[in-house]
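Student: Below are the structure tokens for one structure; questions will follow.
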Amino acid sequence: MKYFKMIFASVSLLIFTNIVIAENQRTLANPNVNTEVRSTEDKVNDSSDFTSINPGDNAAKMSSASSRDKNKSVTTQVTGVVQLQSNNKDVVKKYNSFSKKQGEKKNKKNM
Amino acid sequence: MNIHIRLLLISLLISFVTACGGGHDSTYSTGTVQLENDNSSLSIREFNFSPFDQSTWGANQLSSPLLAGLSFDITSVPIGTYDARALVKGLYSTYSTYIYDVPVFEGSIVTVISTDSGYTGSLKIVNGTVDAKIIGLYLSPSTSSVWRENQIDSQIVPSGSMHLFDVVTGLYDVKVVWDVGPDSFYYDKSIESLTLLTLTVS
């Protein structure tokens, strides 16, 4: 009887643990898919030396450093090459990067 | 009121209006801004140019796309300091490039040059599961110690995606919050100019 109780308790614990693990698992749609894909537009790979013919003394290159971004244009706002969908399946939006709000602290030890 | 007084009043009014408006052009110093498209192939679709202290980009200055290798002049720009933004649409996404505090001097030409390396990049997060929804998506520069705000307003269903454009180039960390199971973390993902990075998360 003593062993029976132990076995019963062990089996119950095992079943419970499996249920908890199963609830927290996600199933991959396609395990073979490449999880990271880069799609680069038609461009010169190293265009840092790409100089203009006669830029003049006061020429300045534009850059992607947009930390002082302004609000959207009053005329048109970019929605990307894909139009915003009515459902939430494939959504396109501008990256929200300029808020000064403090967020949750990162913990890279969780890697 | 007789006709003489009426004529006098009208002439005074005309003189007043002329005095207010007259001579405006002669005291309004201007310069020229030249946009040079040194991109390899992409046309600039929009070019916004507005005073540095204005909070909006204003209207598109281009009447038609500016092809690669060509330049475009904006003349009669009042002297001052300006910010500029150029925008291109590629095969995979939309990208922007910026320049700030461009001085426009009287009678001079200031050239702003658009090159392939100066544009933002894009990131597409694909829900690679069949049974879990993404309820939170955080993207912040790797150098930042906080995750900042959630990038999505509604959950992303299985096989659905979120395409974020206008991401400044650099290394980023990604945190995905699911409706089931633990969060997913992806660190040091490189966002590059004129490139769409697609991450399938699970």
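FYI, it's all coordinate maths here, none of it is from the lab. Everything numeric here is computed off the predicted structure, so don't read it as measured data. Every residue, glycine as well, gets a Cβ built from its backbone with ideal geometry; the counts of neighbours run over all protein chains shown.
Student: Which peptide among B:29-36, A:31-38 comes first, and what is the full order, when sorted by highest mean count of other Cβ atoms within 10 Å? Don't skip to the end; give the middle numbers.
Tutor: Numbers: B:29-36: 19.0, A:31-38: 10.6.
Those peptides, ordered most packed to least, come out B:29-36, A:31-38.
Student: A further question follows. Just the number: Rg to Rh for chain B, Cα atoms, Kirkwood Rh, two decimals.
Tutor: Numbers: Rg = 25.6 Å, Rh = 20.7 Å.
Taking Rg over the Kirkwood Rh, I get 1.24.
Student: Also, I was wondering about something else. Amide H to amide H, which residues 5 or more places from B:Ile152 or on other chains are under 5 Å from it, using H placed in the peptide plane?
Tutor: Here the answer is B:Leu137, since their amide H atoms fall under 5 Å of that of B:Ile152.
Student: How are the C-alpha pair distances of the range B:24-118 spread across 5 Å bins, as whole percents from the shortest bin up?
Tutor: Cα pair-distance distribution for the range B:24-118, in percent: 3, 14, 25, 24, 18, 10, 4, 2, 1, 0.
Student: Under a 5 Å amide H to amide H cut-off, with H placed in plane at 1.01 Å, what residues pair with B:Thr30 once short-range neighbours are removed?
Tutor: B:Ile79, B:Gly107
Student: Over the whole of B:162-172, what's the average partner chain Cβ count within 10 Å per residue? Rounded to a whole number, please. Mind dumping the intermediate values first?
Tutor: On the way: counts 5, 9, 8, 9, 10, 5, 9, 3, 2, 0, 2.
Mean shielding count: 6.
Student: To continue, here is another question. Give me, ordered by chain and number, the residues 5 or more places off A:Val92 or on other chains with an amide H under 5 Å from its own placed amide H.
Tutor: A:Gln85, B:His163
Student: If you don't mind, there's one more thing I want to ask. Across the range B:81-87, in residue order, what do the Karplus-derived ³J(HN,Hα) couplings come to in whole Hz, using 6.51 cos²θ - 1.76 cosθ + 1.60 with θ = phi - 60° and x for Gly and Pro?
Tutor: After applying 6.51 cos²θ - 1.76 cosθ + 1.60, I find 10, 10, 10, 9, 9, 10, 9 Hz.
Student: Cross-link list B:Lys89/B:Lys133; A:Lys43/A:Lys70; A:Lys61/A:Lys106; A:Lys94/B:Lys89: which exceed 25 angstrom alpha carbon to alpha carbon? Write out the running numbers ahead of the final one.
Tutor: Details: B:Lys89/B:Lys133 30 Å; A:Lys43/A:Lys70 27 Å; A:Lys61/A:Lys106 34 Å; A:Lys94/B:Lys89 14 Å.
In this structure, B:Lys89/B:Lys133; A:Lys43/A:Lys70; A:Lys61/A:Lys106 exceed 25 Å between Cα atoms.
Student: Can you list the HN-Hα couplings for the range B:144-152, worked out from phi with the Karplus curve (6.51, -1.76, 1.60; θ = phi - 60°), rounded to whole Hz and with x for Gly and Pro?
Tutor: These are the phi-based 3J(HN,Hα) values: 7, 9, 10, 7, 6, 8, 5, 8, 10 Hz.
Student: Average partner chain C-beta neighbours within 10 Å, per residue of B:149-158? Provide the component values of the computation, followed by the final result.
Tutor: On the way: counts 7, 2, 6, 3, 3, 3, 1, 4, 4, 4.
The per-residue average across the peptide is 4.
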